[in-house]
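Heads up: the structure comes next, in structure tokens.
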Amino acid sequence: MNTPFAGVLATESVCLAAVTDGATLAEWRHRVVKEVMTPQSPYAIALRQAGDVRDRAEFLARWRQLIADAIARVVPCAAARPSDGATGESGPAVVDPQRTAVLILAALHGGCTLSQLAQDQWPLDAALDVALTPFAGPGSPAGADTSTVPSGQ
Amino acid sequence: MFVQGVGATTLDDVLAASGASKSQLYQHFDGKDALVRAVIDHVGERIIRRERDALGHVSTIRGLYRWRDATVQRNALRDGAYGCALGSLASEVSDHDAAAREALARLFGEWQELLAAVLRRVQEAGTLPADASVDQLATGLMGALQGGYMLAQTARDVTPMATSLDMALAYIESRTIS
């Protein structure tokens, strides 16, 4: 596996292990957004649709599992639920860590692309709000924060 | 071009695929950047027309789920291998070609506005609360759609795209007033 993929996974396995509740999940989110929005960071490079497709598939599968494990800790009752990752109920009251992890990864991926096009962090924040608000507890949605507009990408 | 990606495509590839000669191609396009921009315009127009047809009259969450079904089904025909043509272009050209980036940003803005218009109609019908931010939800849905395309493309399997769209729509549905 090439360096950006391995680097991101090494960082993520440490940082996601520290996620145990809504507050630590929010910390993780803010760190990842900062990484993704930094041009040429390992995160920004790893999220591009480039490189060996099998390496990238393995990278995404392992990152997804790390995220799913963290979500299962944040929502303890969710861990006991059976999940096949593909089908099943998707009602708002039911939390499936595997499916949630897919949405979080998609939000990072798609949000990053939209943010790079717009040269504004807002789309990435909005995408992550949809994915993470159910776990954030009461608090202001980060999408309301439009103060940071990265430049020079 | 979409299978290989813009970065790996040379003018020779384009010539081989199109059967045109180099001089013919250069008569029409001033180098690769101009060609890429023409592709963006062409692909963008097609996708926006398709999405306008699909979303222009949708005014319910159920209608959005039907749009989701059609989108996933269309992508499944090719095991998700091609992804979203606009998203693939976006992930490759945005760094070094400002005009292409702006053209793509405009097209994604149009597409997202179609989703926002659906959510606004849902809101006007009283199903979404008046204080729900339609633009934020539409942006989130577009992020889940594009990210889903990318995950499916990498996995060569449309399942992660179906999951991400389902989860995003379930979140929007959770905001509705029953």
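Filtered by the rule that a residue be touching a helix residue (DSSP H, G or I) at 6+ places or on another chain (Cβ under 9 Å), assigned to a helix (DSSP H, G or I) and not acidic (D, E), the stretch A:1-16 gives A:T3, A:P4, A:F5, A:A6, A:G7, A:V8, A:L9, A:T11, A:S13, A:C15, A:L16.
Within the stretch B:71-99, being over 19 Å from B:D157 (Cα atoms), modelled with pLDDT of 80 or more and more than 15 Å from the chain's Cα centre (by Cα) holds for B:D97, B:A98, B:A99.
Taking only pairs six or more apart or across chains, which ones have beta-carbon atoms under 6 Å, a first residue in the stretch B:158-178 that is closer than 14 Å to B:T71 by Cβ, and a second residue that is β-branched (V, I, T) and buried (at least 24 other Cβ atoms within 10 Å of the Cβ)? These pairs meet every condition: B:P160/A:V102; B:T163/A:V102; B:S164/A:V102; B:A168/A:V130. Only one entry of A:V32, A:V19 meets the criterion of being part of a loop (DSSP other than H, G, I, E, B), buried (at least 18 other Cβ atoms within 10 Å of the Cβ) and either at positive phi or hydrophobic (A, V, I, L, M, F, W, C) (or both), and that entry is A:V19.
Yes or no: A:A107 touching a helix residue (DSSP H, G or I) at 6+ places or on another chain (Cβ under 7 Å), modelled with pLDDT of 85 or more, within 18 Å of B:E173 (Cβ to Cβ) and within 12 Å of another protein chain (Cβ to nearest Cβ)?
Values: touching a helix residue (DSSP H, G or I) at 6+ places or on another chain (Cβ under 7 Å): yes; modelled with pLDDT of 85 or more: yes; within 18 Å of B:E173 (Cβ to Cβ): yes; within 12 Å of another protein chain (Cβ to nearest Cβ): yes.
The answer is yes for A:A107.
For the stretch B:165-175, the set of residues classified as more than 7 Å from chain A (Cβ to nearest Cβ) and either at pLDDT 95 or above or assigned to a helix (DSSP H, G or I) (or both) consists of B:L165, B:L169, B:I172, listed by residue number.
Here A:L16 meets the list (1) over 19 Å from A:E58 (Cβ atoms); (2) modelled with pLDDT of 95 or more almost entirely, failing just condition (1). So is A:L117 at pLDDT 90 or above, under 25 Å from B:Q136 (Cα atoms), within 10 Å of another protein chain (Cβ to nearest Cβ) and assigned to a helix (DSSP H, G or I) or not? Judged against the criteria, A:L117 is a match. Kindly evaluate A:S140 against the criterion of being more than 7 Å from chain B (Cβ to nearest Cβ) and either at pLDDT 65 or above or surrounded by fewer than 24 Cβ atoms within 10 Å (Cβ to Cβ) (or both). When the stated conditions are applied, A:S140 passes them.
Residue check: is A:E58 in a helix (DSSP H, G or I) and more than 12 Å from chain B (Cβ to nearest Cβ)? Answer is no for this residue.
Given the criteria in contact (Cβ under 8 Å) with a residue 40 or more places away in the chain and in contact with a Pro (Cβ under 9 Å, 6 or more places away or on another chain), does B:A152 qualify? Against the criterion (in contact (Cβ under 8 Å) with a residue 40 or more places away in the chain and in contact with a Pro (Cβ under 9 Å, 6 or more places away or on another chain)), B:A152 qualifies. Within the stretch A:61-78, if we keep just the residues that are among the charged types (D, E, K, R) and within 13 Å of chain B (Cβ to nearest Cβ), the residue that is nearest to A:G22 (Cα to Cα) turns out to be A:R64. For first residues located in the stretch A:121-133 and more than 7 Å from chain B (Cβ to nearest Cβ) and of a type in the set (G, A, S), partners that are assigned to a helix (DSSP H, G or I) and surrounded by fewer than 23 Cβ atoms within 10 Å (Cβ to Cβ) and lie 6+ apart or on another chain with Cβ distances below 8 Å form the pairs A:A131/B:Y171.
Out of all the residues in the stretch A:35-55, which are touching a helix residue (DSSP H, G or I) at 6+ places or on another chain (Cβ under 7 Å) and part of a loop (DSSP other than H, G, I, E, B)? Full working, then the answer.
Going residue by residue through the stretch A:35-55, those that are touching a helix residue (DSSP H, G or I) at 6+ places or on another chain (Cβ under 7 Å) are A:35-38, A:41-49, A:53, A:55.
Of everything in the stretch A:35-55, those that are touching a helix residue (DSSP H, G or I) at 6+ places or on another chain (Cβ under 7 Å) and part of a loop (DSSP other than H, G, I, E, B) turn out to be A:M37, A:T38, A:S41, A:L47, A:R48, A:Q49.
The values are calculated or read from the model by the stated rules, or taken from the named source; none is laboratory data. Quick caveat: nothing in here was measured; it's all calculated off a predicted structure. Cβ: placed from backbone, ideal geometry, glycine included. Neighbour counts: every protein chain shown.
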